[in-house]
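What follows is a single structure, written as structure tokens, with notes after it.
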Amino acid sequence: MAIDVEEVATGASPNSARVIHVTVNGVTHRSKVDARLLLVHYLRERLRLTGTHIGCDTAHCGACTVLVDGIPAKSCNLLAVMVDGRSVQTVEGLEAGGKLHPVQEGFTKEHGLQCGYCTPGMMMASVALLAKNPNPTEDEIRRGISGNLCRCTGYVNIVKAIQYAGKKMQEAPKGGA
Amino acid sequence: MYPPSFDYYAPTSVDEAVRLLDQHQGEAKVLAGGQSLIGMLKLRLAQPGALIDINRIPDLSYVREDATFLRIGAMTRINELHASDAVKARYGVLFDATAEIADPTVRNWGTVGGNAVHGDPGNDLPACFLALDAEYQAQGPKGSRTIAARKFYTDSFTNVLAPNEIVTEIHVPKAAAGSGSAYSKMERKVGDFATAAVAVTVTLAANGSVAKAGIGLTNVGPTALYAAQASDALVGKTGTATDLGTVGDLAAKAASPVADNRGPVDFKQDMIRVWTRRTVTRAIARAKGGS
Ligand SMILES: Cc1cc2nc3c(=O)[nH]c(=O)nc-3n(C[C@H](O)[C@H](O)[C@H](O)COP(=O)(O)OP(=O)(O)OC[C@H]3O[C@@H](n4cnc5c(N)ncnc54)[C@H](O)[C@@H]3O)c2cc1C
Ligand code: FES
Ligand code: FES
């Protein structure tokens, strides 16, 4: 377990901070956090996992999307204390053993990104979408990622990237990536 | 943006949560899905001294239909309500609305209770619960009471709950035979609040005319609105073009929208007129067994 205890603001009430246990990409962290700390700031600034982006900071764009117990959430709109005891997956947790996740591979092969700003959130939403629906139609993909905005690609290649990943994941032998 | 500092409590029972609210005497706020509240904290539209996080109270998340009610636990996530078979089969208005609130990611955390009580006139579920004649069950230090949705909303972000009360369950009267309902939302894009939206419920008599009706309106007044005159006018009707014209006009009259970047007043009123007609038609079709 990684222990990460940081001082909280002096003079603050003892109830305004709390020790949380969060499993991020398989590693359990024990951290003392201000209750007001947003999950996205916890991930980026405390754990230095800067793959999760902040776009709008108002829960609209989806750049900050991570999986909480496998379900997509906008990490700019949750408090770190709300995920105490839960498991979080970020874009850094997709690659395994030096091998890209099929969704990452799809975004590369199908040019599913241009500037890349939306990409981490877009990929996390895609991973959850494919886990629920391994063979989505274009319409289901577009609805599934409707909480994620992309200002560059026009979405066409993102749809293709997700279709690529879906196929790849179905072809993969059981147990393999 | 950073929320201001607050004391944080994560009780594991409703009693404990109510006690904490009571101790803080109006200085504390309930934290449900956080999808509205956290944004308000960041913008300093809310600065409570304490947050009582009710996400860790077990047994507040369920959708159950019994002989009298569809019972919805307050912490049921909006997406969970949408996934309920009972809702899909018999409560079309809720099925429609839960597909159009915010976006799918926000709906994973946003709760039915939070959406119902928050009091933003743009929230979609209040109009549905007004049309359905639902009740909210609230628990306070002295016990539990039920409040009719139609008596709940007093102004924007203001309702009849006491600061030490928590909504625990929503009771929707069980769908009668021959009933149908629908919700239509005009939105500029996914994730936007309604420009205007209409919730309609009907129960048909054996002869096919409307025996009971409820019409609720979203984002065209300081709160969600129950269009009583329009609802009453629909009773006894069959949904002819003349009937729809009358009901649409009365619904538009009940609306008191303000002009903003979603459109001017006349436009919004006209959208209520047109969408009421269409939604009544869909609700009647569903009551007759259509989808
Ligand atoms: C980008 C975005 C777009 C959105 N678009 C829409 C939309 O189109 N339509 C729509 O309807 N909503 C929309 N919302 C709001 C969203 O649906 C919220 O989740 C919902 O309104 C509030 O639910 P919550 O569980 O997140 O409540 P919270 O944010 O946790 O709480 C909201 C308020 O209700 C109080 N409260 C919550 N639960 C209870 C309870 N059980 N008892 C007493 N008080 C309680 C809280 O104290 C707080 O004051 C949007 C949100 C975002 C971020
Ligand atoms: S940064 Fe969280 S949704 Fe845009
Ligand atoms: S690739 Fe630039 S925002 Fe999507």
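The values are calculated or read from the model by the stated rules, or taken from the named source; none is laboratory data. These figures come from a predicted structure and were not determined experimentally. Cβ coordinates were reconstructed from backbone atoms using ideal geometry, including for glycine residues, and neighbour counts include every protein chain displayed. Protein only, heavy atoms only, side chains kept; ligands, DNA and RNA dropped before computing areas. Shrake-Rupley method; radii C 1.70, N 1.55, O 1.52, S 1.80 Å.
Going by the conditions given, is A:His111 of a type outside the set (Asp, Glu), at pLDDT 95 or above and on the phi > 0 side of the Ramachandran plot? Judged against the criteria, A:His111 is a match.
For region B:1-45, which positions are on the phi > 0 side of the Ramachandran plot and touching a strand residue (DSSP E or B) at 6+ places or on another chain (Cβ under 8 Å)? Within region B:1-45, B:Gly34 is the sole residue that qualifies. All of B:Pro173, B:Pro126, B:Pro104 fail the test of being within 14 Å of chain A (Cβ to nearest Cβ) and either away from ligand 3 (no atom under 16 Å from the Cβ) or in contact (Cβ under 8 Å) with a residue 24 or more places away in the chain (or both), apart from B:Pro104. Here is the figure for region A:120-177: residues that are β-branched (Val, Ile, Thr), within 16 Å of ligand 3 (Cβ to nearest atom) and either within 12 Å of chain B (Cβ to nearest Cβ) or touching a residue at least 12 places away in the same chain (Cβ under 8 Å) (or both) total 6. For region A:14-56, the set of residues classified as within 16 Å of ligand 1 (Cβ to nearest atom) and part of a helix (DSSP H, G or I) consists of A:Leu39, A:Val40, listed by residue number.
Within region B:113-123, at least one residue is within 11 Å of ligand 1 (Cβ to nearest atom), modelled with pLDDT of 95 or more and either more than 30 Å from A:Cys64 (Cβ to Cβ) or of a type in the set (A, V, I, L, M, F, W, C) (or both). Does B:Thr12 satisfy the criteria of being closer than 30 Å to B:Lys288 by Cβ and not small (Gly, Ala, Ser)? Criteria not met by B:Thr12. Each residue in region B:159-177 was checked for being over 30 Å from B:Gly289 (Cβ atoms), under 15 Å from the mean Cα position of the chain (by Cα) and β-branched (Val, Ile, Thr), and 2 of them qualify.
For region A:14-31, the criterion of being surrounded by 14 or more Cβ atoms within 10 Å (Cβ to Cβ) and in contact with a Cys (Cβ under 9 Å, 6 or more places away or on another chain) is met by no residue.
Output the residues belonging to region B:10-22 that are within 14 Å of chain A (Cβ to nearest Cβ) and either surrounded by fewer than 14 Cβ atoms within 10 Å (Cβ to Cβ) or in a loop (DSSP other than H, G, I, E, B) (or both). Within region B:10-22, B:Ala10, B:Pro11, B:Thr12 qualify.
Within region B:38-50, restricting attention to residues that are in contact (Cβ under 8 Å) with a residue 40 or more places away in the chain and within 16 Å of ligand 2 (Cβ to nearest atom), which residue is least open to solvent (accessible area, probe 1.4 Å)?
Among those residues, the one meeting the criterion is B:Lys42.
Only one entry in B:Val87, B:Val106 is open to solvent by 10 Å² or more (accessible area, probe 1.4 Å) and in a helix (DSSP H, G or I), namely B:Val106.
Out of all the residues in region A:26-49, is one or more away from ligand 2 (no atom under 12 Å from the Cβ), closer than 20 Å to A:Gly147 by Cα and outside the structural domain of A:Asn133 (by TED's automatic domain parsing)? Within region A:26-49, not a single residue is away from ligand 2 (no atom under 12 Å from the Cβ), closer than 20 Å to A:Gly147 by Cα and outside the structural domain of A:Asn133 (by TED's automatic domain parsing). Here is the figure for region B:62-75: residues that are out of contact with any Leu (no Cβ under 8 Å at 6 or more places or on another chain) and surrounded by 18 or more Cβ atoms within 10 Å (Cβ to Cβ) total 2. For region A:76-114, a tally of residues being within 15 Å of ligand 2 (Cβ to nearest atom) and away from chain B (no Cβ under 14 Å) returns 2.
Exactly one of these conditions fails for B:Thr218: (1) surrounded by 18 or more Cβ atoms within 10 Å (Cβ to Cβ); (2) more than 12 Å from B:Ala196 (Cβ to Cβ). Give me its number. Of everything listed in (1) surrounded by 18 or more Cβ atoms within 10 Å (Cβ to Cβ); (2) more than 12 Å from B:Ala196 (Cβ to Cβ), B:Thr218 misses just condition (2).
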